[in-house]
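Notes follow the structure.
The values are calculated or read from the model by the stated rules, or taken from the named source; none is laboratory data. Model, not experiment: these values are computed from the prediction. Cβ placement follows ideal geometry from the backbone for every residue including glycine, while neighbour counts extend to all protein chains displayed.
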Amino acid sequence: MYVIKVRGVAKIPDYVQLRDETFTLLAYFRVDRPDKSLEKIGLGDKTDYIMQIVAEMPFGQIKKIDV
């Protein structure tokens, strides 16, 4: 799975994209509101792990993670 952290502009908030190995979009959520999106794709129990990685990432970077 890939994590992409994107900085928002003006009134658009910062957000995160989660993509699979073929780069298909799995989840798209605001950095400050990940819960519902992660639960919807079955990763509710991995929220803390994923958000810790997101917090450490700079904007614009793509990172591969194993979940």
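Could you give every pair whose Cβ atoms fall below 7 Å, whose first residue belongs to region 3-17 and is of a type in the set (Asp, Glu), and whose second residue is exposed (fewer than 13 other Cβ atoms within 10 Å of the Cβ), counting only separations of at least 6 or pairs across chains?
ASP14/ARG7; ASP14/GLY8
So, in region 6-46, of the ones that are among the polar types (S, T, N, Q) and within 10 Å of the chain's Cα centre (by Cα), which residue ends up modelled with the highest pLDDT?
GLN17
Do you know which residues across region 25-49 are hydroxyl-bearing (Ser, Thr, Tyr) and over 17 Å from GLN61 (Cα atoms)?
Of everything in region 25-49, those that are hydroxyl-bearing (Ser, Thr, Tyr) and over 17 Å from GLN61 (Cα atoms) turn out to be SER37, THR47, TYR49.
Among the strands (runs of 3 or more DSSP E) contained in the chain, which hold 3 or more residues that are surrounded by 11 or more Cβ atoms within 10 Å (Cβ to Cβ) and hydrophobic (A, V, I, L, M, F, W, C)?
Counting at least 3 such residues, we get 2-6, 25-30.
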